[in-house]
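S.K.: Got a structure for you, questions after.
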Amino acid sequence: QVQLVESGGGLVQAGGSLRLSCTASGRTFDRYVVGWFRQAPGKEREFVTIINLSGGSTEYADSAKGRFTISRDNAKNTVYLQMNSLKPEDTAVYYCAAHSSGFWNVRNPLRYDYWGQGTHTTVSS
């Protein structure tokens with residue numbers, strides 16, 4: 001199976017930036033679509049962004065559009081989430097997840113096969 005590990009979360013002031021990383025240990029990482037999700041205290045896990053196998057196509061939740069950028073480097077088995085202009089409402093545990101469905105643009109977390117342990121991001125005002 002594919003194992004995913006997130007890193008890069010931390011404490012940042014509103015308006016600041018963070019870059020999260022998701023690194024996979026499996027040998028077939030380039031066969032998986034990867035998405036980012038987040039979960040704030042007391043709320044359900046929500047979709048943030050997704051990237052296809054090659055990295056040529058991306059989609060974003062409205063809350064992330066214009067501020068966040070997803071990218072992937074298959075040679076490094078890594079997907080990145082660049083977060084700019086952070087707001088207090090971005091505070092959450094951020095998770096990367098992978099699926100191998102034929103249709104790449106999947107937003108439902110129940111359809112993902114593998115999940116990382118999460119990395120906590122706190123945005124202070």
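The values are calculated or read from the model by the stated rules, or taken from the named source; none is laboratory data. Keep in mind that this is a model prediction, so the values were computed, not measured. Because the Cβ atoms are built from the backbone with ideal geometry, glycine has one as well, and the counts that use them run over all protein chains shown. These area figures cover heavy atoms from the full protein model, side chains too; ligands, DNA and RNA do not enter into them. Shrake-Rupley method; radii C 1.70, N 1.55, O 1.52, S 1.80 Å.
S.K.: Take the conditions polar (S, T, N, Q) and either open to solvent by 10 Å² or more (accessible area, probe 1.4 Å) or not in a strand (DSSP E or B) (or both) and apply them to THR23. Does it pass?
M.R.: yes
S.K.: Give me the strands (runs of 3 or more DSSP E) completely within segment 30-125, filtered to those with at least 2 residues that are of a type in the set (A, V, I, L, M) and surrounded by 14 or more Cβ atoms within 10 Å (Cβ to Cβ), ordered by residue number.
M.R.: Hits in segment 30-125: 33-39, 46-51, 78-83, 92-99.
Rundown of residues vs (1) touching a strand residue (DSSP E or B) at 6+ places or on another chain (Cβ under 8 Å); (2) under 23 Å from GLN1 (Cβ atoms), yes/no style:
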site	(1), (2)
ARG19	yes, no
CYS22	yes, yes
ILE50	yes, yes
ASN74	no, yes
MET83	yes, no
LEU86	yes, no
ASP90	yes, no
TRP104	yes, yes
